[in-house]
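In what follows, a single structure is set out as structure tokens and then discussed.
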Amino acid sequence: GAVVSQHPSRVICKSGTSVKIECRSLDFQATTMFWYRQFPKQSLMLMATSNEGSKATYEQGVEKDKFLINHASLTLSTLTVTSAHPEDSSFYICSAPNTGPGGRQPQHFGDGTRLSIL
Amino acid sequence: AQTVTQSQPEMSVQEAETVTLSCTYDTSESNYYLFWYKQPPSRQMILVIRQEAYKQQNATENRFSVNFQKAAKSFSLKISDSQLGDTAMYFCAFIPYNNDMRFGAGTRLTVKP
């Protein structure tokens, strides 16, 4: 079963709306989670690293005030797209690293959120 | 800066044949991990195979194997006996010691019947 749950899987909303995406680790604790953005037919681009108990680390070019990240607990990170506009429409994926010894899968990925802003 | 390059945007192969996807990377790190992920139309990220940089032996997972050339910073994926279900985007990925994963641009593989 999935070890990282991402919700919602699909969002369609009007321009100007703020949208919150949740990423939960189901059976392990994640002090770090990663948020990616993927445009159609393109690769995953790291947006930010979410750190439990401290501020997120954003990649260059990513607007901190636009993409608010909160890592409230060891199992939950949220990404809020504030005042979303059509250009924010994309596929957003979260992941959490496997901190266990010798884990085959170093990153557990959520199933992604398809965000469409009208 | 650490980069991952996949020079083949698209590839196709006949069912049951073998195909190799290329990947090169650039890093100054000595310890790191390399991966191939598969992303089918459902857009789930599925781990295909991983390779630890300190291991000289090439990783193998059933029909999937890699050719890891550390000195050349090359990490190609070979898919043997290709199946229709192998049709997907394939991403090469790299993690240095600080666990910040970077992806290549991807290769779209189509397996033809």
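Here the Karplus relation 6.51 cos²θ - 1.76 cosθ + 1.60, evaluated at θ = phi - 60°, turns the backbone of segment B:49-61 into coupling constants of 6, 10, 9, 8, 5, 7, 8, 7, 6, 6, 6, 9, 9 Hz, with x for every Gly and Pro. Calculated over segment A:33-72, the projected area of the Cα convex hull averaged across directions stands at 3.0 nm².
Of all aspartates and glutamates in the structure, the ones whose alpha carbon falls short of 17 Å from that of A:K20, not counting any fewer than 8 places away in one chain, are A:E63, A:D65, A:E87, A:D88, A:D111. Pair-distance distribution of chain B: all C-alpha pairs, bin width 10 Å, starting at 0; shares per bin in whole percent are 15, 50, 29, 6, 0. Going from the fewest other Cβ atoms within 10 Å to the most, the residues B:F91, A:F39 appear in the order A:F39, B:F91. Excluding same-chain neighbours fewer than eight residues apart, the aspartates and glutamates reachable from A:K41 by a Cα-Cα span under 13 Å are B:E10.
The magnitude of the dipole of the protein assembly as shown, with charges of +1 and -1 set on the Cβ of Lys/Arg and Asp/Glu and taken from the Cα centre, is near 160 debye.
In order along segment B:13-23, the phi-based Karplus estimate (6.51 cos²θ - 1.76 cosθ + 1.60, θ = phi - 60°) of 3J(HN,Hα) comes to 8, 6, 3, 6, 8, 10, 9, 10, 9, 9, 7 Hz; Gly and Pro are listed as x. Absence of a disulfide-compatible partner, taken as no other cysteine beta carbon within less than 4.7 angstrom, is noted in the protein assembly as shown for A:C13.
For B:K70, the aspartates and glutamates whose Cα comes closer than 16 Å to its Cα, not counting residues fewer than 8 places off in the same chain, are B:D26, B:E29, B:E52.
Rounded to two decimals, the Cα radius of gyration of chain A over 2.2 N^0.38 Å is 1.02. Each part gets one Cα centre, and for segment A:24-86 versus segment B:62-113 those centres are 25 Å apart. A simple charge model with +1 on the Cβ of Lys and Arg, -1 on the Cβ of Asp and Glu and nothing else charged puts the dipole of segment B:33-75 at about 80 debye relative to its Cα centre. Counting every C-alpha pair in the protein assembly as shown, the share spaced more than 27 angstrom apart comes to 35%. For peptide A:34-45, the mean count of partner chain Cβ atoms within 10 Å of a residue's Cβ comes to 4.
Taking the convex hull of the alpha carbon positions in segment B:73-113 and averaging its projected area over all directions gives 3.8 nm². For chain A, modelled as a Gaussian network with Cα springs under 10 Å, which listed residue fluctuates most, A:P86, A:P40, A:P97? Greatest mean-square fluctuation among the candidates belongs to A:P40.
Just so you know, all these numbers are worked out from the coordinates, no wet-lab data involved. Because the structure is predicted, anything quoted here is derived from the model rather than measured. Quick reminder, even Gly has a Cβ in these numbers, built from the backbone with ideal geometry, and neighbours come from all protein chains shown.
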